[in-house]
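Report on one structure; see the data block that follows.
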Amino acid sequence: MGLPYFLVQRLNLGVVRQGSEAEKTVALTFDDGPDPATTPAVLDALGAANVRATFFVIAANAEAHPNLIGRLLTEGHEVEPHAARHVHAWIRSPWGALLDPLSAARRVSAVTGQPARFHRPPHGAYTLATVLGQRMAGVTGAHWSAEGGDWQRGATPETLPAQVLAKLHPGAVLVLHDAGPGASVTVPALPELLRQMQEAGWRAVPLGEVPGVRARGWRDVLGREEVSAEVN
């Protein structure tokens, strides 16, 4: 783990994980898709609630399902790279961890026709090679400050809404899953979760639209005046 773990995952230096605390706005993000078996239902729920989100996609999934990527973009969602290979950075070779953000950004951008802006590594795990790979790819690391826990043992569609609402705070970056094990909980729970969020006064938006979203700098880490540049 070492220094990159402490700086990036504990202090969140150089990554986006939080927006302004002045508004009840949260970034709604989904990982691991797109999957034609589950992602369309997520999109249906978002559309019914008039909510847009950010989808961190697996490169091979994006390449295999360009029509789903097209629907995501047409409906106003952000599509960003998650991984070329969904492997935890701590068990990869340094070379593999370096190349994955580069490959993921290039391949996902080839499908979307848009440059990548953010990158969330699998499991939110960083090494020095991951950080360097993001820099070389020209993307900003995107972490989360509210983990939905849809993949955790004991999570159910019935318990997820209350579980998520208890973790929300102004400017939070919420992570859920539109594919993989977590999707079996999120997909049936999403309509009710969105309803309860709106009823409680929360406004869910894509990551890039959260007020004040930016990479954390040393001043933030030390609790001083915020001087970090906004993410372009």
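The values are calculated or read from the model by the stated rules, or taken from the named source; none is laboratory data. None of the values given here were measured: they were computed from a predicted structure. Please note: Cβ atoms are built from the backbone with ideal geometry, for glycine as well, and neighbour counts cover all protein chains shown.
Among the residues of segment 198-219, those identified as modelled with pLDDT under 95 and either within 13 Å of N50 (Cβ to Cβ) or part of a helix (DSSP H, G or I) (or both) are W218, R219.
Only one of the numbered conditions (1) surrounded by 15 or more Cβ atoms within 10 Å (Cβ to Cβ); (2) in contact with a Lys or Arg (Cβ under 7 Å, 6 or more places away or on another chain); (3) more than 24 Å from A125 (Cβ to Cβ); (4) not hydrophobic (A, V, I, L, M, F, W, C) is not met by G201, and that is (1). With respect to (1) in contact with a Ser or Thr (Cβ under 8 Å, 6 or more places away or on another chain); (2) assigned to a helix (DSSP H, G or I), the lone exception for A48 is condition (1). Is it the case that R195 is farther than 15 Å from D31 by Cα, modelled with pLDDT of 95 or more and of a type in the set (D, E, K, R)? In short, yes.
Within segment 18-42, the set of residues being among the hydrophobic types (A, V, I, L, M, F, W, C), surrounded by fewer than 22 Cβ atoms within 10 Å (Cβ to Cβ) and assigned to a helix (DSSP H, G or I) comprises just one member, A41. Checking each residue in segment 56-85 for being within 13 Å of H119 (Cβ to Cβ) and outside any helix (DSSP H, G or I) picks out F56, V57, I58, E78, V79, E80, P81, H82, A83, A84.
Take the residues of segment 98-134 that are in contact with a Gly (Cβ under 9 Å, 6 or more places away or on another chain) and part of a loop (DSSP other than H, G, I, E, B): which is surrounded by the fewest Cβ atoms within 10 Å (Cβ to Cβ)? Checked segment 98-134; the qualifying residue surrounded by the fewest Cβ atoms within 10 Å (Cβ to Cβ) is P115. Listed by first and then second residue, the pairs with beta-carbon distance under 7 Å, at least 6 apart or on different chains, first residue in segment 4-25 and over 18 Å from L165 (Cβ atoms) and hydrophobic (A, V, I, L, M, F, W, C), second at pLDDT below 90 and in a loop (DSSP other than H, G, I, E, B), are V8/G14; V8/Y126; V15/A215; V16/V213; V16/A215; V16/V231. For segment 103-115, the condition holds for no residue, the condition being that it is small (G, A, S) and within 30 Å of M197 (Cα to Cα). List the residue pairs whose Cβ atoms are under 6 Å apart, where the first residue sits in segment 123-138 and is under 28 Å from D150 (Cβ atoms), the second is part of a loop (DSSP other than H, G, I, E, B), and the two are 6 or more positions apart or on different chains. Note: pairs meeting the criteria are H123/H88; G124/H143; A125/H88; T130/P121.
When L132 is tested against (1) of a type in the set (A, V, I, L, M, F, W, C); (2) out of contact with any strand residue (DSSP E or B) (no Cβ under 6 Å at 6 or more places or on another chain); (3) under 30 Å from A200 (Cβ atoms); (4) modelled with pLDDT under 95, only condition (3) is not met. Count of segment 106-127 residues, restricted to those that are hydrophobic (A, V, I, L, M, F, W, C), farther than 11 Å from F56 by Cβ and within 14 Å of the chain's Cα centre (by Cα), is 1.
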